[in-house]
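Since every read-out is calculated from the coordinates, none of them should be taken as a lab result. Since we're looking at a predicted model, the values are computed, not measured. In this analysis, Cβ positions are derived from the backbone assuming ideal geometry, glycine residues included, and neighbour counts consider all displayed protein chains.
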Amino acid sequence: MVSGTNAEKTRHLIGLFEQMKVDEFLNYLNEDALYQFGNYPPAIGKGAIEQTVKASHLDQIKGIKFDIQNIWEAGDNVVCEMLIHYTRIDDSILTLPCTDVFLFKNGLVQEMKVFMDATPLFAPPPEPVDRLGILKQALTAVETNDVDTYITLFTEDAVYKIGNYEPVIGREGIKAFALPVMQMFKSVVHEAKNIWELGNTIVSEMNVIYTRQDDKVFAIPCLNIITFKGDKIQKYQAFIDASPAFS
């Protein structure tokens, strides 16, 4: 990063945007300043700039945070590269790359040009993922020996680790691991104790009730940590000692 008087002013201006203090931001502009956001026509003059900024994407968000990556000052110009973290109305976070170019004249901003693609900000947020529903499908597939449905609930490169066994990778690896286990028992039932959904991860505490072919029944405590990528399971780790059921 290269610092200077105008670079420090730029940092301050970006801080005002972060606080959504548009009126205070206008005090740092020349009367005939130019403001251009992406592909939109430039706004010239404080009045037009105020109208453009307040009528643009600010009404699409609840909050905004600028993460400055680099800032350079060259003469009267400042280039500021950053990541913008938008908090949308539905509380989802959207991060977009952006670079602003400032031209200063007589100590005030003469031009501010924003180079970015803000299209995702105006797109409707994705439908929420029913992770609990997907986990229920996975457990039901185990209980019904439906390994083909079971593996479709995982990503192609999913990591699958049960107890102290070595992890297996991918759907075919999961199938090769799970199918013999499913076929070994008359029935497998999952008795839920506690379940927590934490972002894209589900933590579930349960008893796994195995009924062997000799009709012996074993209730084994288990804790699962399941991490999702979109609507598929990316990582499934079961903390369990099922050796009594296999003995």
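As a rough footprinting exposure proxy, the listed residues M184, M112, M206 were ranked by other beta carbons within 10 Å of their own, and the order from fewest upward is M184, M206, M112. To the nearest 10 degrees, how steeply does helix 170-184 sit against the main Cα axis of the chain, on a 0 to 90 scale? For 170-184 against the chain, the angle is about 30 degrees. The length gained on full extension between I68 and E18, counted as 0.36 nm times the residue separation minus their Cα-Cα distance, comes to 16.8 nm. In the chain, Cα pairs under 8 Å separated by at least six residues give a relative contact order of 13 percent. A protection proxy built from the mean count of other Cβ atoms within 10 Å ranks the segments 233-244, 66-77, most packed first, as 233-244, 66-77. Just to be sure I understand, if you calculate P(r) over Cα pairs in 5 Å bins from 0, in percent for this structure, which of (1) 1, 6, 11, 13, 12, 8, 6, 6, 6, 7, 7, 6, 5, 3, 2, 1, 0, 0; (2) 1, 5, 13, 16, 17, 15, 12, 9, 6, 3, 1, 0, 0; (3) 1, 6, 14, 19, 20, 17, 12, 7, 2, 0, 0 do you get? It is the one labelled (1). Between R11 and F122, the contour length at 0.36 nm per residue exceeds the Cα-Cα span by 37.3 nm. At what distance in angstrom do the alpha carbon centres of region 117-187 and region 42-103 lie from each other? Taking the Cα centre of region 42-103 as reference, the centre of region 117-187 is 40 Å away.
In this calculation the C-beta distance from L94 to R212 is compared with R0 = 51 Å, giving a FRET efficiency of 0.50. For V101 and A55, the FRET efficiency from 1/(1 + (r/R0)^6), where r spans their Cβ atoms and R0 equals 25 Å, is about 0.65.
Can you tell me the orientation of helix 5-18 relative to the chain, as the angle in degrees between its alpha-carbon axis and the longest Cα principal axis, to the nearest 10? Tilt relative to the chain: about 50 degrees.
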